[in-house]
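A.B. asks: Below is the structure I would like to discuss, written out as structure tokens.
No lab work stands behind these numbers, since they all come straight from the coordinates. Bear in mind that the values here come from a model prediction, so they are computed numbers and not experimental data. Cβ: placed from backbone, ideal geometry, glycine included. Neighbour counts: every protein chain shown.
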Amino acid sequence: MAGDLPDYYFRVRENGAAVFRVDTENRQRRIEMDQIAVINIKNGEVKPHGDRQLSDEDIAQIETWMAERMALLAQRDIDDIHRAVDYLNITTQWVQSKAADDQLEDVTDALLLAMHDLRSILVRKKADRLMNAQDAAE
């Protein structure tokens, strides 16, 4: 089992991770995790833990993890949006076929305001993209 473990472990936190070096090469053959840094994924900050100096290998592993994590979070964001589109369709079907008047009264204003806000921003962003494409073509 010990041979299968990675050299580093990243404990995900809300805005990043705590980074540990994994050690199985000790006299008791126990797994030891030594915290070496804390990462803030939002601003790219890496803080060594305590008085620790990070090695080039530590920094390379951290940078690789951060790039992979940011790609994963970006993919999750777009997946969430695709699910939101599906949910809007499901909501439309619910409103058309199942919703009672009191249920509609409860959600109509909130849905209309949220959809109006979303539509306004989508239309503005679409217009910006079209204008930029037109300017680039000229």
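A.B. asks: Give me the one-decimal nm value for the distance between modelled label points at Arg52 and Leu122, 7 Å along each residue's Cα-to-Cβ direction.
C.D. replies: My value for the distance between the label points is 4.6 nm.
A.B. asks: Another one. Sort the following peptides by mean Cβ neighbour count (other Cβ atoms within 10 Å, averaged over residues), highest first: 95-106, 12-23.
C.D. replies: Sorting 95-106, 12-23 by mean packing, highest first, produces 12-23, 95-106.
A.B. asks: Roughly how many debye, to the nearest 20, is the charge dipole of region 2-79 about its Cα centre, given +1 on each Lys and Arg Cβ, -1 on each Asp and Glu Cβ, and no other charges?
C.D. replies: In total the dipole reaches around 300 debye.
A.B. asks: In degrees, nearest 10, range 0 to 90: what is the angle between the Cα axis of helix 56-97 and the longest Cα principal axis of the chain?
C.D. replies: 20 degrees
A.B. asks: If you don't mind, another one. If each of Val12 and Asn26 carries a label point 7 Å out from its Cα toward its Cβ, how far apart are those two points in nm?
C.D. replies: Here the answer is 2.7 nm between the modelled labels.
A.B. asks: Once amide H atoms are built 1.01 Å from N in the peptide plane, which residues 5 or more positions from His49, or in another chain, come under 5 Å H to H?
C.D. replies: Here Ala37, Val38 satisfy the definition.
A.B. asks: Over the Cα atoms of region 2-79, what Rg and Dmax result, in angstrom?
C.D. replies: 13.7, 47
A.B. asks: Measure off 7 Å from each Cα along the Cα-to-Cβ vector at Thr108 and Arg76, then give the distance between these two points in nanometres to one decimal.
C.D. replies: Rounded to a tenth, the inter-label distance reads 3.7 nm.
A.B. asks: With charges only on Cβ, +1 for K and R and -1 for D and E, what is the dipole size of the chain about its Cα centre, in debye, rounded to 20?
C.D. replies: 100 debye
A.B. asks: Now a separate question. Would you please report the Å³ per residue occupied by the convex hull of the alpha carbon atoms in region 1-44?
C.D. replies: Taking the convex hull of the Cα positions in region 1-44, it is 69 Å³ per residue.
A.B. asks: If you line up the long axis of helix 101-137 against the longest principal axis of the chain, both from Cα atoms, how many degrees apart are they, to the nearest 10?
C.D. replies: Long axis of 101-137 versus the principal axis of the chain: about 80 degrees.
A.B. asks: Separate question: Which log10 I(q)/I(0) values does the chain give at q = 0.11, 0.15 Å⁻¹ under the Debye formula, counting every alpha carbon as one identical point scatterer?
C.D. replies: The Debye formula, applied to the Cα set alone, gives -0.72, -0.88.
A.B. asks: Rounded to whole Å, give me the distance from the Cα center of region 53-94 to that of region 106-125.
C.D. replies: 25 Å
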